[in-house]
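Remarks on the structure that follows.
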Amino acid sequence: MASELDIFVGNTTLIDEDVYRLWLDGYSVSDAVALRVRSGILEQTGATAAVLQSDTMDHYRTFQMLERLLHAPPKLLHQLIFQIPPSRQALLIERYYAFDEAFVREVLGKKLSKGTKKDLDDISTKTGITLKSCRRQFDNFKRVFKVVEEMRGSLVDNIQQHFLLSDRLARDYAAIVFFANNRFETGKKKLQYLSFGDFAFCAELMIQNWTLGAVGEAPTDPDPQADDMDMDLDKEFLQDLKELKVLVADKDLLDLHKSLVCTALRGKLGVFSEMEANFKNLSRGLVNVAAKLTHNKDVRDLFVDLVEKFVEPCRSDHWPLNDVRLFLNQYSASVHSLDGFRHQALWDRYMGTLRGCLLRLCHD
Amino acid sequence: MPGKLKVKIVAGRHLPVMDRASDLTDAFVEVKFGNTTFKTDVYLKSLNPQWNSEWFKFEVDDEDLQDEPLQITVLDHDTYSANDAIGKVYIDIDPLLYSEAATVISGWFPIYDTIHGIRGEINVVVKVDLFNDLNRFRQSSCGIKFFCTTSIPKCYRAVIIHGFVEELVVNEDPEYQWIDRIRTPRASNEARQRLISLMSGELQRKIGLKVLEMRGNAVVGYLQCFDLEGESGLVVRAIGTACTLDKLSSPAAFLPACNSPSKEMKEIPFNEDPNPNTHSSGPSTPLKNQTYSFSPSKSYSRQSSSSDTDLSLTPKTGMGSGSAGKEGGPFKALLRQQTQSALEQREFPFFTLTAFPPGFLVHVGGVVSARSVKLLDRIHNPDEPETRDAWWAEIRQEIKSHAKALGCHAVVGYSESTSICEEVCILSASGTAAVLNPRFLQDGTVEGCLEQRLEENLPAGCGFCHIPYDELNMPFPAHLTYCYNCRKQKVPDVLFTTIDLPMDAAVIGKGCLIQARLCRLKKKAQAEANATAISNLLPFMEYEVHTQLMNKLKLKGMNALFGLRIQISVGENMLMGLASATGVYLAALPTPGGIQIAGKTPNDGSYEQHISHMQKKINDTIAKNKELYEINPPEICEEIIGSPIPEPRQRSRLLRSQSESSDEVTELDLSHGKKDAFVLEIDDTDAMEDVHSLLTDVPPPSGFYSCNTEIMPGINNWTSEIQMFTSVRVIRLSSLNLTNQALNKNFNDLCENLLKSLYFKLRSMIPCCLCHVNFTVSLPEDELIQVTVTAVAITFDKNQALQTTKTHAEKSLQRASTDNEELLQFPLELCSDSLPSHPFPPAKEHLESASSNSGIPAAQRAVTVEKASPVGEGNFRNRSSPPCANSTVGVVKMTPLSFIPGAKITKYLGIINMFFIRETTSLREEGGVSGFLHAFIAEVFAMVRAHVAALGGNAVVSYIMKQCVFMENPNKNQAQCLINVSGDAVVFVRESELEVVSTQQPAATCQPSCTGGEVTT
């Protein structure tokens, strides 16, 4: 007595959050049923496995039908076929676009291309996330990327408008899109200790300060003339960064800088002597990173460089985070007292962001 | 030339990509009404075209206005080849034709294609200017209101209930015309959809004419059905109850003058002569149905007595009608004679209503039903569908005589249905024989039916249980007792009815859904032989269905069934019977006795043990059920309530035997009236099965109740969350060794599993009740059984439920008073409606500008525009709210009930009656049969909602899916489905909002409950 056909259609579309999660996680119907059985739902409700099977099938079918709409969330709000309360719609969208930390770390900064998609098998094996779920997450990244790629205005706002995501999730997507666009390397072994949150934090700072969109400065009052693009780093700015080289190339300037910082920090740092000994190395590292950013290759390696040139030395000397903060503040501020240095604004734009990033990157 | 139809095409959205090269579409629209067609400009390269057309004007007869649908076709312009159709929208403009309903149809309609389903939406505005020429209603019947609701619609008052109207029209089915061989499936489907739309328009108009003739102004309980007779044609038929309705203006108007006419008591002919035969001549006057001698005053002339009439009646009817099929020839001649007298039609004292104004229903006799097996032949002359008319006339006649046999003049809760397989058709009709209060029926009816039942009826709510027939000449043996409520009149021990539980009925505990399910194998046969075989099987099926119902009722410890609906479906090689009803414990009726099992071979020890084990199980179940449904009637010391009259032989024994069911009513003694015992004799494995199946019905999980009536007895504190749903299952029987037992088990499992699935799916709504559970069963092919269920789940407040242990009199009093309150609120409501500052704004602009708070009924969208959007608190911590979020689609509730809990219906906008065909040639790609049908039903819901929203409504009440015919051919990767739905489009306002309404401003608050039943948490 096989059921040929078995459906349930409500005037208000039934959404079971648990089943939705299983579906999003890429489980097949039978796996999902097995997982639900294990959750003890049969005992709670007195249902049978057959009932569970039929229920799961129904939900999966509904989700499959909804998926097309979820690809363009505004459609979900306008469509007439599924009557879904707004709070449920928001939940459907938010969950659909949610991603796994483990997954995003694998693809962050990679080109969202067919090539990467082919690697999803490996990612799936490595992370234990089902291939189906990997595909969905990857396709989400790519879809958002495609839609906002050519758009002007705030990246986060664009994402929020076109995908109706929560503020938090939209910011994450902005980071993902930004990383994918600039192809920042995040997969190197020495970067493994960093979480997606760390990168997203840095991305936000960089979007705010280093992109074309940032030129207009105040986000509330964007210059309509400016090329208001949040995706690309401001090429001119990167070009200008070469000027900072003088800070380490000019020996007098470097010494002066060092003495200013040391004077200010004496007695305040637990790792003062280490700092003093290392100052020139650190400063050279930070300034050289800036100077190299004209090359795409070096832009990609930004995080690798930052970790190598700054985070690792600090770590090997066991700098407490607070000392790092004090040092960076003083290091940035002291430049203003260097009379021979003319690129104060440029320095602030660079160091302001970098300081934030470095502090975030300094952890175990 | 009394009407001007104006149509404006505003815009489209979400159109499909028709040009692969550009990924865009060059869309334009054809607007067609009758033979006139207009076109919009082509809007190049857009999936969201803005046509903003001029007003297309059609000048048409009102006859056409009623018959024709407005047909809107969206096409993709193609310079080099033929334009491709994207899809169509059919709009029934009938709601615009009567003044109180909608004034404009305006909104987004899904563009529907029979092959691809919904493909985008189109925004359309439709208006009608009627030149009011009231005297010209000849061919047309504009102005007659139609309601699917089977009670007097909430904001109306019944002045007169005229009675039965029926009509049928036939045509050739386009699917079977020769041209179908050369045209595309799409063309064929569209021809069918259009034809059915035309036919139902015509049918409605014709019914309207009849109502006008009767001087009514409305049809209530309008039920329209299609018979797809295949080769022999397409029949569209409808029945309804003609009424004169008054829009409620003052609250006093509604309160019926219940205590009215103290006319003179006259002798009623059949009080004296209860013999059915002589009856028939008695009341059948050529006048209208109001002429019967109603006898509400029986109380005087005789002590009423009773029985469970229905039981014994139906088997007989099955027999009688079954035979009719065989002798088609001579019968036809006879029938033609009958139909000739056109007035006879009027004579049917039938009412499709299932709930009545207070005081209307005096006594209930029991269920009457009739079935007839017919061989379909081609309808030669579609303009004179005599044969079909005659068939139905014959059945109705039979129903009428059954009612008379029960001492009743009328049949209420009347319905008709068919089941067709190849060229065999079973016609069925059923209803509840009743005695009505003539006051509502017509002014002119005197007949000395007076109204002395004041003292008797008013307090108790038991009057309808009192037997209408004569105790001394009962048409069948029954066990009568004095009413447990008033102690004055006789009541039967069990009562079966097809109506809803009367509002004032005194009930103990809660009710529950009771089903009887049955399969019978049948040899495959052709034509006459087939019809004969079916006719022969019918009485057995009826008998067993009733036995099952009775057993299950006893098992539940209850004594009455309401909303009984018995469906017999015919297939190639089997017959299926499915009876659904809501069991209750009527306080007026005696406590049902238990069930006793008797073994055949008393000497066998182990057998004996087995029997006693079974007996124990049954007793336990009964006890458990009594607890579950809170049936604890007050203990009454047994009076000597004698019913010395009928003491038939096998009273307490239900025989499983055969021959008995055949000829005589009295021989089918199902009236196991004795309170103490109802004996099941287990004499073979067959009987064993039955006992087992009795016990396999699992009660719903705790927190769930179910019924197939409008209201659930014992629950009256509904909260406002509702969820209407349709569930369809098809199972394939293994063709090997099919036996009746195996079949029964399969069918039983199918239904039980379906119910279990429903309980599981809706578990988040607990505590809740499934109301109006409507099962339909069909046999689409050999070895396939299809069961379709539509119902609504309504949540209720458990805490309050516990407090409802008041006495029933109190309860009914309370109800009455809430009724009054309702009425008082209406005028308020209505004037706020009519304020010019607050018209119903169904127009697109409002939809667009409305905040994303889609829970707000249409009537209030405009007001809430400026309100902050509370969308998904916490989920959207918007910096800037997404722009798209502010034009979500308004929520439209759907329910098979005539009301919406926690809300007042303020306006009826017209009837929704839609027919769709969907076909696919890529079944696998669409997710197989389940995916295909799931999508289609979702689309049907969407189209219903869109039409309601366009009328300015926010709900459909009395929604029913009348047909869901599914055919598949997996080998060819094809499937086709036809769905027919109907209901009443309404505007409702939440009671909580009503309270806030300070005559002027409708509340702009959106109750959390508004959000359309957020059911899964």
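The values are calculated or read from the model by the stated rules, or taken from the named source; none is laboratory data. Remember, predicted model here, so these are calculated numbers, not experimental data. FYI the Cβ positions are ideal-geometry reconstructions off the backbone, even for glycines, and counts take in every protein chain you see. Just so you know, the surface numbers come from the protein's heavy atoms only, side chains and all, with ligands and any DNA or RNA stripped out. Shrake-Rupley method; radii C 1.70, N 1.55, O 1.52, S 1.80 Å.
Miscellaneous remarks
- Cα→Cβ-extended label distance, 7 Å offset, between B:Y607 and B:N740, nm: 2.1
- Rel. contact order, % - alpha carbon contacts under 8 angstrom, at least six apart, segment A:235-362: 35
- Extension gain (nm, one decimal) between A:D298 and A:S195, 0.36 nm per residue minus Cα-Cα: 34.9 nm
- Normalised by residue number, the volume inside the convex hull of the Cα atoms of segment B:144-249 is 96 Å³ per residue.
- Using the empirical formula 2.2 N^0.38 Å as the baseline, the Cα radius of gyration of segment B:544-634 reaches a ratio of 1.34.
- Residues in segment A:9-26 reached by a label modelled at A:R135 [backbone nitrogen below 16 Å; 7 Å Cα→Cβ]: A:23-26
- Integer Hz, Karplus 6.51/-1.76/1.60 couplings in order for segment B:559-564, x for Gly and Pro: 10, 8, 10, 10, x, 5
- For the pair A:R266 and A:E150, a Förster radius of 51 Å applied to the C-beta separation gives a FRET efficiency near 0.45, rounded to the nearest 0.05.
- 10 Å binning of all Cα-Cα separations within segment A:101-210, expressed as whole percents from 0 upward: 14, 49, 32, 5
- Cross-link pairs B:K8/B:K247; A:K146/B:K45; B:K374/B:K972 - those with Cα-Cα distance over 26 Å: B:K8/B:K247; B:K374/B:K972
- Placing one equal scatterer on every Cα of segment A:235-362 and applying the Debye formula, the log10 ratio I(q)/I(0) at q = 0.15, 0.19 Å⁻¹ is -0.65, -1.08.
- Chain pair B, A: total accessible area buried, heavy atoms, 1.4 Å probe, Å²: 5500
- Candidates per trypsin sites (Lys or Arg not before Pro) in segment A:270-357, loop by DSSP, up to 13 other Cβ within 10 Å: A:R342
- For segment A:305-321, Karplus couplings with θ = phi - 60° (6.51, -1.76, 1.60), whole Hz, Gly/Pro x: 4, 4, 5, 5, 7, 10, 4, 5, x, 4, 5, 5, 8, 6, 5, x, 4
- Charge dipole (Cα centre; +1 on Lys/Arg Cβ, -1 on Asp/Glu Cβ; no other charges) of segment B:1-134 amounts to roughly 580 debye.
- Over 21 Å apart at the Cα level, from the set B:K6/B:K88; B:K488/B:K556; B:K552/B:K624, are B:K488/B:K556.
- Annotation note: trypsin sites (Lys or Arg not before Pro) in segment A:89-132 located in DSSP loop regions with a Cβ neighbour count of at most 13 within 10 Å are A:K111.
- Computed label-point distance, nm, for sites B:E572 and B:K972 using a 7 Å Cα→Cβ extension: 1.5
- For segment B:428-438, 3J(HN,Hα) per residue [Karplus equation, 6.51 cos²θ - 1.76 cosθ + 1.60, θ = phi - 60°, Hz, x = Gly/Pro]: 10, 9, 8, x, 10, 5, 8, 10, 10, 7, x
- Nitroxide proxy distance, nm - points 7 Å out along Cα→Cβ at A:D339 and A:L359: 3.2
- Shown is the FRET efficiency for B:K6 and B:E528, computed with R0 = 56 Å from the Cβ-Cβ distance and rounded to the nearest 0.05: 0.50.
- Lysines whose Cα lies under 22 Å from that of A:K280, excluding same-chain neighbours fewer than 8 positions away: A:K242, A:K245, A:K251, A:K258, A:K268, A:K292, A:K309
- Based on alpha-carbon atoms, the Kirkwood radius and the radius of gyration of segment B:1-134 give Rg/Rh equal to 1.01.
- Measuring against 32 Å, Cα to Cα, the residue pairs B:K32/B:K893; B:K524/B:K616; A:K118/B:K761; B:K127/B:K962 contain B:K524/B:K616; A:K118/B:K761 as the ones spanning a longer distance.
- Alpha-carbon Rg with Dmax, taken over segment B:5-49, Å: 12.2, 39
- Projected area averaged over orientations for chain A, convex hull of C-alpha atoms, nm²: 22.9
- FRET E, pair B:E630, A:L42, Förster distance 22 Å, beta-carbon r, rounded to 0.05: 0.20
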